[in-house]
Amino acid sequence: MTKPADCRLYLITPPALDDLAGFGHALAQALEAGDVAALQVRLKDMPETVIAAAVDLVLPICHARDVAVILNDRPDLAARLGCDGVHVGQSDTPYAEARRLMGRDRMVGVTCHDSRHLAMEAAEAGADYVAFGAFFPTDTKDAPTRADPEILSIWQETMETPCVAIGGITIDNARGLAAAGADFLAVSAGVWRHAGGPAAAVEALNREIALGLTER
């Protein structure tokens with residue numbers, strides 16, 4: 001992703017989409033409620049048919065609103081399904097192979113946990129963004145590391161490759177990460193499980209991001 005002038009939301013789907021039509025409706029409302037840069041389809045260990053159905057659902061909803069669709073883990077499937085990018089972890093497909101499969105015109109993002117060394121390696125190899133985290137406790141995924149917001153500040157001051165903050169981000173803690181220097185805030189449960197609904201969460205998160213940017 002291009003490094004934004006400020007900080008933007010990067011949504012991640014719930015880990016399972018039992019009601020695709022219902023999710024599509026909620027997604028459309030959420031994307032109408034405020035600025036969102038990307039949606040990552042993250043359906044770990046799901047059959048390809050399930051992932052393909054989810055991508056087929058979200059692509060037109062997202063593209064109609066200039067939101068990129070990124071698939072987790074599977075560059076082969078991301079390329080085949082027409083996704084705008086893929087996100088790979090340290091134990092997934094290596095960056096070089098992901099780039100080969102995706103080509104130069106689509107995005108490849110890389111999980112770097114709490115390591116500037118891993119992030120610099122990914123950036124130097126050509127990754128479109130690096131992801132740091134988890135910053136807060138999360139039950140959305142297993143998070144082997146806990147990152148300090150300082151890593152965002154250091155990265156912002158020294159590197160051009162965009163950085164994504166991920167892990168346990170909610171309305172209550174988003175402001176500090178935006179202030180620290182995140183280019184994108186990746187949020188899953190903080191949107192889809194928000195008591196007021198996803199649209200209200202996106203609206204509130206954008207407010208908190210704006211407040212955080214005034215503190216940079």
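Is there a residue in segment 60-69 that is within 23 Å of D114 (Cβ to Cβ) and touching a residue at least 40 places away in the same chain (Cβ under 8 Å)? Step through it out loud before you land on a result.
First, pick out the residues of segment 60-69 that are within 23 Å of D114 (Cβ to Cβ): none.
Checked against the condition, which is being within 23 Å of D114 (Cβ to Cβ) and touching a residue at least 40 places away in the same chain (Cβ under 8 Å), segment 60-69 yields no hits at all.
From the list A119, A131, which residue is in a helix (DSSP H, G or I) and buried (at least 22 other Cβ atoms within 10 Å of the Cβ)? Even if it seems obvious, please write down each step before you answer.
Working: A131 fails: in a helix (DSSP H, G or I).
So the residue among A119, A131 that is in a helix (DSSP H, G or I) and buried (at least 22 other Cβ atoms within 10 Å of the Cβ) is A119.
Would you pick out the residues in segment 74-127 that are acidic (D, E) and at pLDDT below 95? Spell out how you get there, then give the answer.
Within segment 74-127, the first condition is being acidic (D, E), and the residues that meet it are 76, 84, 92, 97, 105, 114, 121, 124.
Hit for segment 74-127 is D92, nothing else.
So, of the residues in segment 175-191 that are under 20 Å from G22 (Cβ atoms) and in contact (Cβ under 8 Å) with a residue 24 or more places away in the chain, which turns out to be nearest to the chain's Cα centre (by Cα)?
Taking segment 175-191 first, the residues under 20 Å from G22 (Cβ atoms) are 187-191.
Filter once more, so that each one left must be in contact (Cβ under 8 Å) with a residue 24 or more places away in the chain: 187-189, 191.
Details: V187: 7, S188: 9, A189: 12, V191: 12 Å.
So the residue we want is V187.
Of all residues in segment 1-18 being of a type in the set (V, I, T) and at pLDDT 95 or above, which is surrounded by the most Cβ atoms within 10 Å (Cβ to Cβ)?
Of segment 1-18, the ones of a type in the set (V, I, T) are 2, 12-13.
Applying the additional criterion that residues be at pLDDT 95 or above yields 12-13.
Numbers: I12: 24, T13: 19.
Checked segment 1-18; the qualifying residue surrounded by the most Cβ atoms within 10 Å (Cβ to Cβ) is I12.
Taking interchain pairs and intrachain pairs at least six residues apart, which have beta carbon atoms under 9 angstrom, with the first residue in segment 192-204 and among the basic types (K, R) and the second assigned to a loop (DSSP other than H, G, I, E, B) and surrounded by fewer than 20 Cβ atoms within 10 Å (Cβ to Cβ)?
Correct list of pairs: R193/P14.
Filter segment 30-43 down to residues that are surrounded by 14 or more Cβ atoms within 10 Å (Cβ to Cβ) and farther than 16 Å from D128 by Cα, then give me how many there are.
Kept after step one, since they are surrounded by 14 or more Cβ atoms within 10 Å (Cβ to Cβ), are these residues of segment 30-43: 30-31, 33-43.
Now narrow it down to the ones that are farther than 16 Å from D128 by Cα: 30-31, 33-36, 41-43.
Number of matching residues: 9.
The values are calculated or read from the model by the stated rules, or taken from the named source; none is laboratory data. Since the model is a prediction, treat every value here as computed from it, not as a measurement. No Cβ is skipped: glycine too gets one built from the backbone with ideal geometry, and neighbour counts run over all protein chains shown.
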